[in-house]
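Trainee: Right, I'll just put the structure down here and ask away after.
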């Protein structure tokens with residue numbers, strides 16, 4: 001993907017292109033883009049954190065970690081932080097290019113005397129990396145602290161932290177990125193700005209994003225909506241759609257039966273003799289797998305057809321498993337809020353709010369019957385709605 005400079009970005013005359021997710025235009029991968037759009041946005045104070053990602057173990061724990069120099073970083077408690085999601089139509093408000101401009105902006109322009117929430121995308125094209133920066137920690141010298149009435153010692157550091165001054169050893173940045181080791185999107189502490197500068201290149205670009213909170217505003221509205229549970233949805237689906245599946249199932253079974261009859265009638269004595277030797281009854285499955293040539297292939301086809309007739313296309317029990325997979329697909333392919341209990345699934349409530357329950361049920365019918373969903377999943381991008389993602393430069 002070619003990265004656009006800020007001037008070129010703003011002068012783009014392609015209106016269709018401009019309606020795509022801003023993050024994809026900036027070089028952010030699809031997985032990371034979805035992760036940024038679906039962050040929780042929950043505030044984690046100095047005492048109420050639940051644990052953070054440790055890149056050394058791949059698990060959460062209660063120590064402060066960064067990707068670089070974790071031993072130095074964990075001196076002192078975590079700063080309070082809040083990873084705020086970005087809306088799909090977030091705007092770029094400014095840009096800095098190259099190591100010197102970016103370093104100067106992060107250290108001299110963004111406040112260094114207090115913990116400062118920010119909304120910035122850092123792209124390193126040469127390293128194929130993109131980072132969403134959400135917070136820069138702050139610190140003051142002892143004389144600066146004294147000027148605002150904060151004493152020295154541990155008591156003074158505690159007061160400073162309560163006022164939003166982390167007093168860490170260095171200016172640390174909180175990022176959302178793709179973890180190098182696991183390949184998964186994670187929110188964690190990158191390291192100091194100086195450590196981050198080691199990875200900056202002449203073609204690195206820092207996009208200064210619009211400060212907005214549209215995602216969480218929409219979530220607040222959704223939470224006030226009546227929840228649509230899996231059980232409610234399955235009940236609705238069974239009452240309204242299983243007759244279609246039953247009819248399809250009967251039709252499919254009849255077609256399969258006809259194919260089975262054709263296959264059986266086409267067998268010769270040699271075909272049967274080639275597989276029904278003394279080992280067949282002792283270990284039929286192994287024997288069929290060892291068989292070679294046309295005869296063995298014919299018998300495999302017959303067994304597959306028999307299993308297809310026996311398999312129940314739809315049952316109340318199997319629908320729950322299919323619904324789980326359907327919601328995972330919707331979350332991956334569409335733009336929906338995550339389920340409150342499983343962040344890898346789309347919320348049925350949010351899907352129903354965007355499409356209505358009958359439409360979601362119709363999409364689920366397509367998935368159960370065809371193994372795919374023909375109706376496009378919801379997307380805030382006209383590019384996504386038209387299926388033109390590959391045309392984005």
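Every number in this text was worked out from the coordinates using simple rules, so none of it is lab data. Just so you know, these numbers come straight off a predicted model, no measurement behind them. Heads up, the Cβs are rebuilt from the backbone with ideal geometry, glycines too, and the neighbour counts pull from every protein chain shown.
Trainee: How many nm is it between the label spots at residue 42 and residue 128, if each spot is 7 Å from the Cα in line with the beta carbon?
Mentor: Rounded to a tenth, the inter-label distance reads 3.3 nm.
Trainee: What is the fewest-to-most order of 235, 339 by other Cβ atoms lying within 10 Å of their Cβ?
Mentor: Working: 235 12, 339 19.
Neighbour counts put them in this order, fewest first: 235, 339.
Trainee: So for 192, 356, fewest C-beta neighbours within 10 Å to most, what's the order?
Mentor: Numbers: 192 21, 356 11.
Starting with the residue having the fewest Cβ neighbours, the order is 356, 192.
Trainee: Tell me, in nm to one decimal, what length is gained between residue 211 and residue 182 on full extension, where the rule is 0.36 nm per residue of separation less the Cα-Cα distance? Kindly include the intermediate steps, with their values, before the conclusion.
Mentor: On the way: separation 29, 0.36 × 29 = 10.44 nm, distance 3.02 nm.
Gain on stretching residue 211 to residue 182: 7.4 nm.
Trainee: What is the distance in Å between the Cα centres of the stretch 161-189 and the stretch 321-356?
Mentor: Rounded to whole Å, the Cα centres lie 29 Å apart.
Trainee: Roughly how many nanometres apart are two label points built 7 Å out from the Cα toward the Cβ at residue 97 and residue 30?
Mentor: 3.0
Trainee: Quick one: length gained pulling residue 226 to residue 197 fully straight, 0.36 nm per residue minus the C-alpha distance?
Mentor: Gain on extension, residue 226 to residue 197, equals 5.7 nm.
Trainee: In what order do 81, 343 fall by count of nearby beta-carbon atoms within 10 Å, going from fewest to most? Show your work: numbers first, answer last.
Mentor: Details: 81 23, 343 12.
Lowest count first: 343, 81.
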